[in-house]
Amino acid sequence: MHTLKLFDIVALLDDVPNDNVYHGQVGTIVEKLADDVFEVEFNDDNGVVYVQATLRAD
């Protein structure tokens, strides 16, 4: 498995309806909270953050 790091671009494999982000949406890792837990920002086409979610690598 690829080691995730800050500023990697990631795509969701599952829906996260509590955060209003869904399978296939792409975000940027902005913080590593634990070995497999990251803060990911999702931006619109203008670069404005619309969701910042805490997500597990899996």
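The values are calculated or read from the model by the stated rules, or taken from the named source; none is laboratory data. Only a predicted model underlies this, so the values are computations on that prediction, with no experimental measurement involved. Virtual Cβ from ideal backbone geometry, glycine too; neighbours counted across all protein chains shown.
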#### Entry: Complete set of residues in the range 1-23 that are assigned to a loop (DSSP other than H, G, I, E, B) and surrounded by 10 or more Cβ atoms within 10 Å (Cβ to Cβ)
4, 6, 8, 12, 14, 15, 20, 22, 23
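Within the range 24-34, take every residue that is part of a strand (DSSP E or B) and among the small types (Gly, Ala, Ser) and give me the one that is nearest to the chain's Cα centre (by Cα). Give the steps one after another, and end with the answer.
First pass over the range 24-34, keeping only residues part of a strand (DSSP E or B): 26-34.
Among the residues that remain, those that are also among the small types (Gly, Ala, Ser) are: 27, 34.
On the way: 27: 5, 34: 14 Å.
Top of the filtered list is 27.
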### Message
For the range 35-55, give me the residue count where each residue is modelled with pLDDT of 95 or more and either exposed (fewer than 10 other Cβ atoms within 10 Å of the Cβ) or not in a strand (DSSP E or B) (or both).
### Response
2
### Message
I'd like the full set of residues that are touching a strand residue (DSSP E or B) at 6+ places or on another chain (Cβ under 8 Å) and among the hydroxyl-bearing types (Ser, Thr, Tyr), limited to the range 2-25.
### Response
22
### Message
List pairs: first residue in the range 1-29 and over 16 Å from residue 49 (Cα atoms), second residue among the small types (Gly, Ala, Ser) and surrounded by 11 or more Cβ atoms within 10 Å (Cβ to Cβ) anywhere in the structure, Cβ distance under 6 angstrom, at least six positions apart or on different chains.
### Response
4/57
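Just wondering, is there one or more residues in the range 45-57 that are β-branched (Val, Ile, Thr) and without any contact (Cβ under 8 Å) to a residue 12 or more places away in the chain? Before the answer, list the steps.
Filtering the range 45-57 down to residues β-branched (Val, Ile, Thr) leaves 48-49, 51, 54.
Now restrict to residues that are without any contact (Cβ under 8 Å) to a residue 12 or more places away in the chain: 48-49.
Yes, the conditions are met somewhere in the range 45-57.
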